[in-house]
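Below: the structure, in structure tokens.
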2 protein chains.
Amino acid sequence: MTTVALTLLPERRTLQAPHGATILASAQEAGVDITATCGGRGRCTSCRVKFVSGAVPPPTVMDELQLGDALVREGYRLSCQCRVMEPVAVLVAPPLDERSFQILGAQSPSEALARVEIDAGIRKEVVTVSLPKEEHHQTSDLEEMLAVLGRTPDDVSPALLQALPRALRQQRGEVTVTTFGSRVLAVEPGDTRLLKFGLAVDIGTTSVVTTLMELESGEELASVSSLNPQAVFGADLMSRIAFAQLDAGNLRKLRTRIVGLLNQHIEQVAADSGVLPKWIYKVVIVGNTCMHHLLLGIDPSHVGLAPYAPVMRHALVLPARELFLKVNPEARVCLLPLVAGFVGADAVGVALATRIGETPETRIAVDIGTNGEVLLGSRDRLWACSAPAGPALEGAQLRHGMRGALGAIDQVWLEDGDLRLHTIGDAPAQGICGSGVIDAIATLLEADILDWSGLIAVEGRDRLPAPLRGRVSVRGEERVVTLARAGEGGAAREILLTQDDVRQVQLCKGAIASGAAMLQRIAGVAPDQVSELMLAGGFGNYLSIRSALRIGLIPPLPASRIRYVGNAAALGAQLALMSETERARAETIARRIEHVSLAAHPDFQDVFVDCMNFPRT
Amino acid sequence: MTTVALTLLPERRTLQAPHGATILASAQEAGVDITATCGGRGRCTSCRVKFVSGAVPPPTVMDELQLGDALVREGYRLSCQCRVMEPVAVLVAPPLDERSFQILGAQSPSEALARVEIDAGIRKEVVTVSLPKEEHHQTSDLEEMLAVLGRTPDDVSPALLQALPRALRQQRGEVTVTTFGSRVLAVEPGDTRLLKFGLAVDIGTTSVVTTLMELESGEELASVSSLNPQAVFGADLMSRIAFAQLDAGNLRKLRTRIVGLLNQHIEQVAADSGVLPKWIYKVVIVGNTCMHHLLLGIDPSHVGLAPYAPVMRHALVLPARELFLKVNPEARVCLLPLVAGFVGADAVGVALATRIGETPETRIAVDIGTNGEVLLGSRDRLWACSAPAGPALEGAQLRHGMRGALGAIDQVWLEDGDLRLHTIGDAPAQGICGSGVIDAIATLLEADILDWSGLIAVEGRDRLPAPLRGRVSVRGEERVVTLARAGEGGAAREILLTQDDVRQVQLCKGAIASGAAMLQRIAGVAPDQVSELMLAGGFGNYLSIRSALRIGLIPPLPASRIRYVGNAAALGAQLALMSETERARAETIARRIEHVSLAAHPDFQDVFVDCMNFPRT
């Protein structure tokens, strides 16, 4: 067997690869892992490599299709498609660009998807349409195509006809017809059956997460998460509604912002994966009622006024062009149904992903977000209430808060009488994100720096070990804890947790904990009857259940009954994207959920105030 | 009875009007006609007057509604709403602006409309929706409204929901709901049942005519006609298709042009009538296949290539927003069905308006236009062919051709051995329009200035009476007839009919006459079996049947069997606008019409050449 030298960077490992074997196979054979999400079939971009030395082989069709012109020109190739013919050196899966955000929202489809049968509802079939040939015979391109498909003109949007004559004639009538139910979404020349993608989108008040999936396998090809750009017009729902009310132009502004962001996300996932936006035929969107209304351009003013009624609640299916989304213009955009003014499609997504309404045991799901929700139920009944936590746990509105990106403090603990920090990517600390804040407060409670009322105990600092003592101070009139000094442990700057930050977190966890307490009370469920508490939200893998319990973010259950389930709302969207059965199930769930309006409840105020305090151990 | 002096201008007639009577009633009482199309109900603008002296009374709601702010401020009032309280002088129905085009395309609905039962399909009902009141109860604005209407969410476009909450709350839940079939088109606060309008549009290759109609009465409120602005990219279909083929941007350009013009027309009829565009809920459009495709942005390239198949043919109903028409965004735009690549919805409109397929006798309908059609049939069978006449009879592509506007020569005759001319509005001659050209050529044939082959007989001019002799000359290499010398009869400039103009008309009439001859031949119908020939086109009231026969534009039938029916295609659109039964009938007609492709017929070339010549008397 002839072998050829294959050098894999950045590890600088040189293998003797069999002449003519693919780079992927050679690497795997030698025990070097190259991710190949699609199993080496040329259907994703995860196994891409960049040629660093040696002749770059001519691109294959799959290279062109998946990586796109620009990357191909830069010397990227799919290692599953590329055979070793002469000595070369390649860089394995280098980042496609310089951004290095830790994608928090992207939950791998995991168990939930594995349990559901994949049927996204998007069908592609190759047909050959006979073109009109005779002048007297009265027919049209469309009629000839419909005859083959057995469909009616009503199934086809006139917008689709704009390019029909060209598509039909490019490959002598051979076209791939994409349908969703009875609706014809696309007619493409030749056989494009392999190209079938969809997006799952979770529009939160503070964060937006978009995931690109291959619709046949359920494979996740790319994911992007960013701040909701509407936040500059108001961090929470009420201020955003107030802004929209101000004048009609503001409503348009809010709408334009979110549509613009979604289109940026589409560009991004397209670039990351090599999937062209025109191959995206289905989009599932979840979000709270206000986000939903704003996306549709519906005036949300009255959602913010008692009785907080939504303008509409039913599940919607719209062509992408009506929402100005730059995927295939006929792609179906499915908005999951709403429950109430402050319990939206995101809660429905959580219920869908957690199966909370399907077990004989009673469970609780807590979705932590700027506008969080709490669900409690079993297969018998299912309740939900909103938990307007504010953006503190998404890193917003804290002095040094930030998203879960490179350099965010995501873990805090006590060691040798001082605070210890961990940052995302082990980078110099830039700020603190949600899981870090929960850890920090739990740690400060442990260390007696915070008392149960949330006060930073400057007065008692003399009792503290020396290193900790130096961290507690009063700046101007404000009590602060210095989490990191500039330069300390490579910190990029001084990072503080202020008294006001602690109050923000108290409001936040008060909303969530009181929501859970109220639902238990209304449902008549004692703590020992709760078989599981599922904690959901965009915290990535870093949320400490122990810390969450310590600060009283969640009810005091045994830690063994508490599970962090990731971004359940986004996962719900992915389920509805991958399965029409799941999407139908979302409608049943929305109708089942019993909405509880906490503010209207006489006990609520007391419970809330109580939940604002930290548990006294 | 107290009376008050009322002076009516421009006639300067002064009446003694009963104190407190309306101006309209007082004028009518005194035998002065003021047009009141709506019967004096304040629902149109035809009885408007402008106050010239005396106090201008405060405007009524109807004044504001119908005339709009600007006109009200200029002193316009509806004479049916305005009571005479003190001596005043008013100008009766002065023109709303300075343009004084003679609207040729606007056929008054006349007999045809009188025969059909009016049912435009647009329903308005006033309902009171109870608004959500209770926080726990799960409902939405839309659900409350649908419960009252007995409809489902699928009947409502999400775009309609954008303003729903405000509309519902403006008059405590009282709204007028407009529907078309099961579709909800509008929800307006209060009672707007009186406001219900529609547009009939005829998009020709050269001219576009838009008519605004009140949907309850069928009353025509305004009409506007103008050149198709696509013409700068090609006067006939084939050159326009070639332009579209050149690149995709051109197709967009053509589409933008026609959509832009339609929106100008909408603005214009709205201004002329005081009807707000948002009260226009239905639009019916006819046009040839190419115009239809361009309006929809459908690539017409293959319509111009054998076998000239359209991309689609079925009747379409679309929301106005999808066509970018600035009427009510949810207004239904109905495009009548097509028959073949060169027999479009205009031909269907002609068949609808003339009832050609419904009589036991065989009749012929000739629609004269740049892309004319000929229909022949009875209730047994119905044939149609295209007659690509070119734009000569619409005043285009002739040396001094013009549309049928102020100053156009519209009649020509021989008197005292010389030509006599009539111009529209008796204004100084500016050019010659279609009916004038037909008259001119017939007259020149009579005077032996033209021979049967179409040659301007310069050689024989010495035989002519002196005044005529001076009109025939050779300029450069071109034979010309001087219809008017500059200053002659007040002519604004010299107006010529050139040899080339005559050839253009010969091509034009050759296409039409040969179409009629071929259909007779194919149907096996002898001339004496043709009970009626209907001449249709945008000629206004000025077309001379005698001249049309003289030049052989139409087959040589007794003049008594020939009738000019006006713009039948536009009338067909009006019928479909005013009656859903008629719109359904259009679909039956389109399926019945048997398309005859003349070019594919072996005899055609000979017949066509023969028809190019003028009849030898």
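The values are calculated or read from the model by the stated rules, or taken from the named source; none is laboratory data. Computed from a predicted structure; not experimentally measured. Here the Cβ is made from the backbone with ideal geometry for all residues, glycine too, and neighbour counts use every protein chain on show.
A few comments on the model shown:
- Matching residues in the range B:4-37 - criterion: being charged (D, E, K, R), assigned to a loop (DSSP other than H, G, I, E, B) and more than 17 Å from residue B:78 (Cα to Cα): B:11, B:12
- Qualifying positions in the range B:38-83 - assigned to a loop (DSSP other than H, G, I, E, B), more than 28 Å from the chain's Cα centre (by Cα) and hydrophobic (A, V, I, L, M, F, W, C): B:55, B:56, B:80, B:82
- Any hit, the range A:265-272, residues being free of Cβ contacts under 8 Å to residues at least 12 places away in the same chain and part of a helix (DSSP H, G or I): no
- Counting residues in the range A:528-548 that are of a type in the set (A, V, I, L, M), in contact (Cβ under 8 Å) with a residue 60 or more places away in the chain, within 14 Å of chain B (Cβ to nearest Cβ) and farther than 20 Å from residue A:379 by Cα gives zero.
- Any hit, the range A:416-429, residues being in the same structural domain as residue A:463 (by TED's automatic domain parsing), hydroxyl-bearing (Ser, Thr, Tyr) and outside any helix (DSSP H, G or I): yes
- Condition met for residue B:381 (in contact with a helix residue (DSSP H, G or I) (Cβ under 8 Å, 6 or more places away or on another chain) and among the basic types (Lys, Arg)): yes
- With respect to the conditions (1) surrounded by fewer than 19 Cβ atoms within 10 Å (Cβ to Cβ); (2) on the phi > 0 side of the Ramachandran plot, residue B:556 lacks only one, and its number is (2).
- Subset of the range A:136-183 (residues that are over 22 Å from residue B:307 (Cβ atoms) and within 7 Å of another protein chain (Cβ to nearest Cβ)): A:158
- Counting only helices (runs of 4 or more DSSP H) that sit completely within the range A:455-567, zero hold 3 or more residues that are touching a Leu at 6+ places or on another chain (Cβ under 6 Å) and within 18 Å of residue A:418 (Cα to Cα).
- Being under 27 Å from the mean Cα position of the chain (by Cα), buried (at least 19 other Cβ atoms within 10 Å of the Cβ) and either in contact (Cβ under 8 Å) with a residue 60 or more places away in the chain or at positive phi (or both) is a property that does not hold for residue A:587.
Here is a yes/no grid of residues against (1) in contact with a Leu (Cβ under 7 Å, 6 or more places away or on another chain); (2) at pLDDT 90 or above; (3) not assigned by TED's automatic domain parsing to the domain that holds residue A:573:
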| site | (1), (2), (3) |
| --- | --- |
| A:116 | yes, no, yes |
| A:128 | no, yes, yes |
| A:132 | no, no, yes |
| A:150 | no, yes, yes |
| A:164 | yes, yes, yes |
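- Subset of the range A:288-326 that is surrounded by fewer than 22 Cβ atoms within 10 Å (Cβ to Cβ) and basic (Lys, Arg) - its residue that is farthest from the other protein chains (Cβ to nearest Cβ): A:326
- Residues located in the range A:329-363, provided they are outside any loop (DSSP other than H, G, I, E, B), within 20 Å of the chain's Cα centre (by Cα) and more than 14 Å from every other protein chain (Cβ to nearest Cβ): A:346, A:349, A:350, A:351, A:352, A:353, A:354
- Any hit, the range B:177-192, residues being hydrophobic (A, V, I, L, M, F, W, C) and either modelled with pLDDT under 95 or more than 31 Å from the chain's Cα centre (by Cα) (or both): no
- Residue B:348 under 18 Å from residue B:122 (Cβ atoms) and crowded, with 24+ Cβ neighbours inside 10 Å: no
- Looking across A:258, A:285, one residue alone is within 14 Å of another protein chain (Cβ to nearest Cβ), within 28 Å of residue A:598 (Cβ to Cβ) and either part of a strand (DSSP E or B) or within 20 Å of the chain's Cα centre (by Cα) (or both). It is A:285.
- Taken across the range A:364-377, residues that are within 14 Å of chain B (Cβ to nearest Cβ) and of a type outside the set (D, E, K, R) do not occur at all.
- Filter result for residue B:18 (at pLDDT below 85 and either at negative phi or of a type outside the set (A, V, I, L, M, F, W, C) (or both)): no
- Of all residue pairs spaced 6 or more apart or on separate chains, those with beta-carbon atoms under 6 Å, a first member in the range A:349-366 that is assigned by TED's automatic domain parsing to the domain that holds residue A:533 and a second member that is acidic (Asp, Glu) are A:350/A:367; A:363/A:532.
- Residues of the range B:117-135 that are surrounded by fewer than 18 Cβ atoms within 10 Å (Cβ to Cβ), in contact (Cβ under 8 Å) with a residue 40 or more places away in the chain, of a type outside the set (Gly, Ala, Ser) and within 14 Å of chain A (Cβ to nearest Cβ): B:131 alone.
- Here B:46, B:53 are screened, and the one residue that is within 19 Å of residue B:14 (Cα to Cα) and among the small types (Gly, Ala, Ser) is B:53.
- Evaluated against (1) touching a Lys or Arg at 6+ places or on another chain (Cβ under 6 Å); (2) of a type outside the set (Ser, Thr, Tyr); (3) modelled with pLDDT under 85, residue B:413 falls short on exactly one condition, (3).
- Number of positions in the range B:367-400 that are surrounded by fewer than 24 Cβ atoms within 10 Å (Cβ to Cβ), in contact with a Gly (Cβ under 8 Å, 6 or more places away or on another chain) and of a type in the set (D, E, K, R): 1
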